[in-house]
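Report on the structure given below.
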Amino acid sequence: MNRKPTYLVTAGPTREPVDPVRFISNPSSGKMGFAVAREAKRRGARVILIYGPAALVPPRVDEAVGVRTARDMMDAVTGFIGEADVLVMAAAVCDYRPAGYSENKIKKGAGGLTLELVENPDILTEACKVKRPCVVVGFAAESGNLLENARVKLEKKHLDLIVANDITSPGMGFGSDYNAVAILDRDGNVENIDRTTKEEIAVRIIDRIESLLAG
Ligand code: PMT
């Protein structure tokens, strides 16, 4: 590619509201996606960052859009996908949201409370229906059978690369400055990266993306 590529990167969790004070979410801090966005920018790419509610300040990139729910994130990603050469979905998107939203705070009753959940759209799948960028990278957050489950997601979501992390490993993954991952590609190769900083993992991911873009 002769011109500088445009990266569309997602980071952080999504937050699915139950009532004005409660929501379903997960402990993603945004660190991994922010590290990818920062490294792509450092290498001269144009970077669009879509991020869910995060305590950290997002890196300086060309466009940064804060979102809340999975459906907000999907709208933002599909809105920018036409400009993207590379999509990196590092966000921890909630697979489910409450079926309804209570305008008033749900009162504590006598017994338990059952919450009905419905499935959120798959952002990777929906965005790539609008336009498939040259390189599409997903993450797999797994608590068992890491490589097998990641390979299923690579195939099902038609990804070029998937970055698999075992989220049960102590001291890394969600919220940590560190992670250990395996990068799987469509040719069956597995690149293992032992515990290191998320910045170093971002370097290795973008090295792989650049070779695919050059390829
Ligand atoms: O944010 P940090 O604290 O730094 O933590 C980093 C991380 C653990 C969040 C990150 O390394 C990570 O694993 N991100 C992906 C988490 C995830 O949602 O994994 P998944 O296996 O459920 O989803 C697979 C892929 O599909 C992901 O690329 C995800 O962004 C995407 N997805 C998921 C659900 C959905 N509705 N739409 C999607 O596009």
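For this structure, a couple of remarks:
- Identity of the residue in region 120-145, more than 17 Å from the chain's Cα centre (by Cα) and open to solvent by 40 Å² or more (accessible area, probe 1.4 Å), that ends up farthest from the ligand (Cβ to nearest atom): Cys134
- Restricting region 160-191 to residues that are more than 13 Å from the ligand (Cβ to nearest atom) and assigned to a loop (DSSP other than H, G, I, E, B), the residue that is least open to solvent (accessible area, probe 1.4 Å): Gly188
- Check on Leu56, at negative phi, within 14 Å of the chain's Cα centre (by Cα) and in contact (Cβ under 8 Å) with a residue 12 or more places away in the chain: no
- When residues of region 31-42 are limited to those that are in contact (Cβ under 8 Å) with a residue 12 or more places away in the chain and not small (Gly, Ala, Ser), the one most open to solvent (accessible area, probe 1.4 Å): Arg38
- Lone unmet requirement of (1) farther than 13 Å from Thr14 by Cα; (2) among the acidic types (Asp, Glu); (3) near the ligand (Cβ under 9 Å from one of its atoms) for Glu83: (3)
- Of all residues in region 6-30, those that are outside any strand (DSSP E or B) and surrounded by 24 or more Cβ atoms within 10 Å (Cβ to Cβ) total 4.
- Contacts under 6 angstrom Cβ, first residue in region 186-205 being touching a residue at least 60 places away in the same chain (Cβ under 8 Å), partner more than 13 Å from the ligand (Cβ to nearest atom), 6 or more apart: Ala202/Glu39; Val203/Glu39
- Any pair with Cβ under 9 angstrom, 6 or more apart, that starts in region 115-141 at a residue that is basic (Lys, Arg) and ends at one that is more than 12 Å from the ligand (Cβ to nearest atom) and not in a helix (DSSP H, G or I): Lys131/Ala84
- Residues in region 112-145 that are within 21 Å of Gly30 (Cβ to Cβ), touching a helix residue (DSSP H, G or I) at 6+ places or on another chain (Cβ under 7 Å) and among the aliphatic types (A, V, I, L, M): Ile123, Ala127, Val136, Val137, Ala140.
- Selection status of Glu155, under 26 Å from Ala54 (Cβ atoms) and out of contact with any strand residue (DSSP E or B) (no Cβ under 7 Å at 6 or more places or on another chain): no
The values are calculated or read from the model by the stated rules, or taken from the named source; none is laboratory data. From a predicted model like this one, the values you see are computed outputs, not experimental measurements. For neighbour counting, all protein chains shown are included, and Cβ atoms are generated from backbone atoms with ideal geometry for every residue, glycine included. These area figures cover heavy atoms from the full protein model, side chains too; ligands, DNA and RNA do not enter into them. Shrake-Rupley method; radii C 1.70, N 1.55, O 1.52, S 1.80 Å.
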